[in-house]
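In what follows, a structure is listed as structure tokens, so that the remarks can point back to it.
Bear in mind these aren't lab numbers, they're just calculated from the coordinates by the rules spelled out. Being a predicted model, the structure only gives us computed values, none of them experimental. Neighbour counts are summed over all protein chains in view; Cβ atoms, including those assigned to glycine, are modelled from backbone coordinates with ideal geometry.
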Amino acid sequence: MSKANPPFEELFFSRTMDYLEVYLPRQVSRSEHTRKAYKQSIGCFYDYVTRVLGMSPLSFRYAECTHKLVLGFSQYMQEELRYGPSTVNQRLAAVKSYLRYLSDGDISLIQIYLAVKKVPELSVPKVQRPIIETEDLPAFLDSPNGSRIGNRDRMILILLFDTAIRVSELVSITLGDIFIDTENPVILIHGKGRKERAITVSDIASTHLKAYIMAYHKDHTEPVRPLFFTIIHEKTNHMSVRNVERIVNKYGKIVRENNPRIPESTYPHLVRRTRATGLYRDGVPLEMVSTLLGHSNSETTKLYTSASVEQLRDAMEKGQENEPSETPLWKGHENELKKKFGLG
């Protein structure tokens, strides 16, 4: 039975503020997006404990966060909230991460963390995510017209594809991040977790970029000036992620009228995935694709890439001359073999 008024430091949610506001952003350099996602997930767990189980946050202690309770939380999300497997896994991961953080600072909480850690994740079906096929790319990238706004939009599409950067990385680029008057033009990208990386730019993209800068930044050379911007109340601001998403979707709709294979929904991450898949299919090693995408783990990159039908066919045809004859060597002995393997 819970104590009526346990000490504050024994309460499960007593250190969530420190975890979300100090530990994640300042001590382990997690992005603001990650911090918000973890806050939402732990908030969901908080609602389960207080509203569904009827336990006061001023009496819910670490010791009461058991394997059984968190397993019930998982079941609640699936059956009552109707969350998909990936969302359930995300919520569970946040709770486990918080407990790991707590146990790192208090050895007495290790057993609680290890018990909750064993709550199983759900199996997430692997879905073949769409890309823009090679035949449709020129039409998509050239779809903006030749107006001032159209040239800006074309630059956005080209840069998203050529560099395979995230949309958040695109809108954060400033003039000081661009080095195109060199033998190997590069852009300094400020990625997730405050990681920086230099991305090379193709000759074609570099030519477009020089023209764009001349048109939009001719009289401005401040290093902090946003590459893509909007002006509100006479103040220059970085273009928003939502505005870039709107632009990409707009041209996807335009091109789809004559190119029906273009995915129904077009968005910046689709362009990023298209570029990564194209490089992989062209034989670029997965590790190099991973570096381009800014992934610290190449396993993550596998989610972005898929083999083409031609690649799979080539792989199947390799070594066919060494395949066995069509006549099975075990003919007439199927039952004996089945028993031998314990299956009879």
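If only residues of the range 106-126 that are in a loop (DSSP other than H, G, I, E, B) and either within 18 Å of residue 14 (Cβ to Cβ) or among the β-branched types (Val, Ile, Thr) (or both) are counted, the one that is nearest to the chain's Cα centre (by Cα) is 124.
Test of understanding: among 97, 103, 56, which residue is crowded, with 16+ Cβ neighbours inside 10 Å, without any contact (Cβ under 8 Å) to a residue 12 or more places away in the chain and under 22 Å from residue 11 (Cβ atoms)? None of the other options fit; the residue is 103.
In the range 163-262, counting only strands (runs of 3 or more DSSP E) that sit wholly within it, the ones holding 1 or more residues that are of a type in the set (A, V, I, L, M) and surrounded by 19 or more Cβ atoms within 10 Å (Cβ to Cβ) span 186-190, 196-200. Would you check which residues across the range 187-210 are of a type in the set (Gly, Ala, Ser) and within 15 Å of residue 164 (Cα to Cα) and list them? Hits for the range 187-210 are 191, 198, 202, 205, 206. Please verify whether residue 91 is charged (D, E, K, R), under 30 Å from residue 126 (Cβ atoms), more than 22 Å from the chain's Cα centre (by Cα) and assigned to a helix (DSSP H, G or I), treating the condition exactly as stated. Answer is no for this residue.
Every residue, every condition in (1) more than 20 Å from residue 82 (Cβ to Cβ); (2) among the hydrophobic types (A, V, I, L, M, F, W, C); (3) surrounded by 19 or more Cβ atoms within 10 Å (Cβ to Cβ), yes or no:
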site: 24; (1), (2), (3): yes, yes, yes
site: 45; (1), (2), (3): no, yes, yes
site: 51; (1), (2), (3): no, no, no
site: 70; (1), (2), (3): no, yes, yes
